[in-house]
Each structure stands twice: as C-alpha cells, then as structure tokens.
Amino acid sequence: MNLRTAISLVGTALFGTLAATAAQDEPLIISGSGTTNPSKCFWHIMAKMTEQIKIPTRLTYRAVGSGTGQKEFLGKGIKLPDGTTTDTLEAYNDFGSGDIPISAGDKEAWNDKGIHFAQLPFVLSAVSFFHSIPGVPSGEMGLNMTACLLARVFSADITTWDHEDIKEINPGLNVPKNTPIYVGRRGLGSSSTF
C-alpha cells in the first residue's frame with residue numbers, strides 16, 4: 001500500500017465517521033497535536049484534504065512534542081487555571097502523534113471507559129547524531145561510527161574519543177589522549193530519547 005492509498009483510507013474513514021455527526025452548516029473541526037517530526041507531512045495532508053473535502057472543515061495540528069501530544073490525547077497532566085495539573089482522562093484533541101507508544105495501562109484505562117483507539121504507523125524517519133571534535137573534518141574523511149559504538153557511547157561504556165574501538169574504524173583520527181565525549185540528550189517527553 002502506498003502513501004497516497006494509506007492517506008486516502010485514513011481520510012475516508014476519519015471524515016466518514018465525523019462528517020456523519022457534523023451539521024452541514026457548521027464546520028467540522030478536527031484537531032491534533034504531537035511530535036514535531038511529521039508535522040510538515042500532517043500539514044500537507046491536511047491542506048490537500050481541505051482542498052478536496054465537500055463540507056466546511058477546519059483541520060489543525062500543533063507540533064508540540066510526543067510527550068505533550070500523548071498527554072493531550074489521553075487527558076493527562078492538563079494544567080488548570082490555578083497552575084496545578086490533573087489527569088482528566090478526557091481527550092484534549094481528536095488525535096495525537098508520537099514516536100512513543102501509548103502504554104498498555106493507559107490504553108486499558110480508555111478501553112475500560114468504552115473508548116477504543118488505534119495506534120497506526122504512518123511516517124518513517126531517522127534520528128542522527130552530531131559531534132564537535134576539533135580538527136575532525138565532516139564528510140567522507142570525517143568520523144565513522146557504527147550503531148554498536150554509538151550505543152556504547154550513550155550507555156557510557158565508551159567515554160573518550162581515543163577509545164581503541166573508535167580508533168579501530170577511524171585509523172586517521174588524531175585526538176589528544178583521553179579526549180572526553182560529552183553526551184547531550186533531549187528530554188521532557190522527547191521521542192528521540194525513548
């Protein structure tokens with residue numbers, strides 16, 4: 001199934017269900033939020049659907065991050081006017097998007113309320129890393145790393161750029177002895193740290 005077919009099927013199902021309940025003179029409003037990664041894809045799909053749909057429609061997607069999108073969809077951690085947060089367990093939007101799967105416990109809680117939802121994969125993307133090792137060029141003559149070496153760096157098994165396993169696949173790497181590796185990670189519900 002190609003992307004156009006998948007979009008068509010999802011769009012048909014979504015609008016068919018919601019349009020049946022919407023009054024013809026009132027716009028159909030569908031709101032979502034979540035990960036920033038596919039936001040341009042969502043906005044493109046929404047623009048195409050808005051052009052082609054026959055009923056007044058307003059589609060929105062807020063790129064706020066996976067954790068926030070999931071909380072808003074599940075009604076968790078909703079900030080109240082007095083500054084406190086609460087779990088309302090009422091959806092803040094019509095759909096959410098995230099790279100982090102919804103936990104079995106959260107899904108079960110919604111199912112127990114008689115509300116069922118599906119988690120569908122729709123976009124594939126990659127996450128990369130970058131470095132700032134002085135004197136190491138980028139491109140073909142730059143640093144080579146394998147997935148296993150990166151995993152060892154992120155788990156603090158490898159902590160210096162002159163580690164023998166890094167030097168083995170980078171024989172031209174010339175760094176001072178014990179040059180430390182400083183790892184930065186995204187946080188606060190970012191799917192790239194999941």
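Where a number appears in this text, it was derived from the coordinates with a stated rule and is not lab data. Since the structure is predicted, the reported quantities are computational estimates derived from the model, not experimental observations. Don't worry about glycine lacking a Cβ; one is built from the backbone with ideal geometry, like all the others, and counts go over all protein chains shown.
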Less than 9 Å Cβ to Cβ from I78, Lys/Arg counted +1 and Asp/Glu -1: what total charge do the surrounding residues give?
0
Lys and Arg at +1, Asp and Glu at -1: add these up for the other residues within a Cβ distance under 12 Å of W161 and post the number.
-1
Taking amide H atoms as placed 1.01 Å from N in the peptide plane, list the residues 5 or more away in sequence, or in a different chain, whose amide H sits under 5 Å from that of R62.
G32, S33, G34
For the peptides 147-158, 110-121, what is the packing order when you average, over each peptide's residues, the other Cβ atoms within 10 Å and list the highest mean first?
147-158, 110-121
Give me the distance between the Cα centres of the stretch 107-140 and the stretch 146-189, rounded to whole Å.
22
